[in-house]
1. With springs only between Cα atoms under 10 Å, which of ALA17, ALA102, ALA171 fluctuates most in a Gaussian network model of the chain?
2. Please list 3J(HN,Hα) in residue order for the range 126-131, calculated via the Karplus relation 6.51 cos²θ - 1.76 cosθ + 1.60 where θ = phi - 60°; whole Hz, with x for glycine and proline.
3. Could you list LEU138, LEU222 in order of exposure, starting from the residue whose Cβ has the fewest other Cβ atoms within 10 Å?
4. Check which residues have an amide H placed less than 5 Å from SER208's amide H, if you skip close sequence neighbours.
5. At 222 nm, what value in deg cm²/dmol follows for the chain if DSSP H runs of at least 4 each add -39500 (n - 2.57) and the sum is divided by all its residues, to the nearest 500?
6. Between LEU22 and VAL110, what length comes free when the chain is fully extended (0.36 nm per residue of separation minus the Cα-Cα distance, one decimal in nm)?
7. Anyone know which of ASP181, ASP69, ASP85 comes out most mobile in the 10 Å Cα GNM of the chain?
8. Let me make sure I get this right: for the range 5-203, a, b and c are the square roots of the gyration tensor eigenvalues over alpha carbons, sorted descending. Under 1.5 in a/c it's rounded, otherwise prolate if a/b > b/c, else oblate. Which is it?
Amino acid sequence: MCCRYVLLQEHTKSLLAQLGVLLENGVPPVSRYNLSPGTGIPAVRNRPASTTRELTSLHWGLVPSWTRDRARPPPVNARAESLADKPTFRDAFRSRRCLIPASGYYEWAVQGRTRQPWLFRLRDERPFALAGLWETWLAPDGTTLESCAVVTTAPNAVMAPIHHRMPVMLATREAQETWLDPRLTAARALAPLLRPFDAETMTATAVSSHVNNVRHDDPLCLAPVSNVATTQLALGL
């Protein structure tokens, strides 16, 4: 499962340059330290009816085009094992895939009433992309909602002690290009990307419970547990 993540501005900039995506004003979105479901998140996709790519904002929580009842919470994650068959994700998997730039993501270890957040990053702290799917939904009042979900898979050795799922991480340009390739529509062509990420290239750090509150969106979310007091002092909190 993936329900919170962090994206630093400089990482957005480098990923967009790698993918050949030009920003209209030349300035990437500001750093975000606690991106959460139900909000707009940055995503790279093939521009509809075009051969170019774009950075856009998608509502995190996928609403299929055929949805009639929006009373039920939309899924924020999509299991890799059922993408090709489940109606909610099947069409998007074939033709509406996107990349969700990330610097790291959070998951919680639960022990009784205690929820300890952990931050997962690449060992060299490079940016990566989360595999995503997107959809367009037309509301009864005529407004349009563009939404997305993060694809998840089985955990690797770093993730398994904390949670039984992890997001599909695409860290190389080759993997990112493959995921966005509109010519690839068969599940077997994309299956190699939907595996657990190499555990040896990742780190897991216990961080401040500050991140537990979705209203907190500042560098303190990244502070290792042992450094919380120092970080609070530096930030004037």
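Since every read-out is calculated from the coordinates, none of them should be taken as a lab result. It should be emphasised that the depicted structure is a prediction, and the values quoted were computed from it without experimental measurement. No Cβ is skipped: glycine too gets one built from the backbone with ideal geometry, and neighbour counts run over all protein chains shown.
1. Of the options given, ALA17 has the highest mean-square fluctuation.
2. 6, x, 8, 10, 8, 5
3. Details: LEU138 11, LEU222 22.
Fewest-to-most Cβ neighbours within 10 Å comes out as LEU138, LEU222.
4. ALA223, VAL225
5. On the way: 5 runs with 40 residues, N = 237.
Calculated at 222 nm, the ellipticity per residue is -4500 deg cm²/dmol.
6. Working: separation 88, 0.36 × 88 = 31.68 nm, distance 4.13 nm.
Once the chain is fully extended between LEU22 and VAL110, it gains 27.6 nm.
7. Evaluated over the chain, the most mobile residue of the options is ASP69.
8. Values: a/c = 1.35, a/b = 1.17, b/c = 1.16.
In terms of gyration-tensor shape, rounded.
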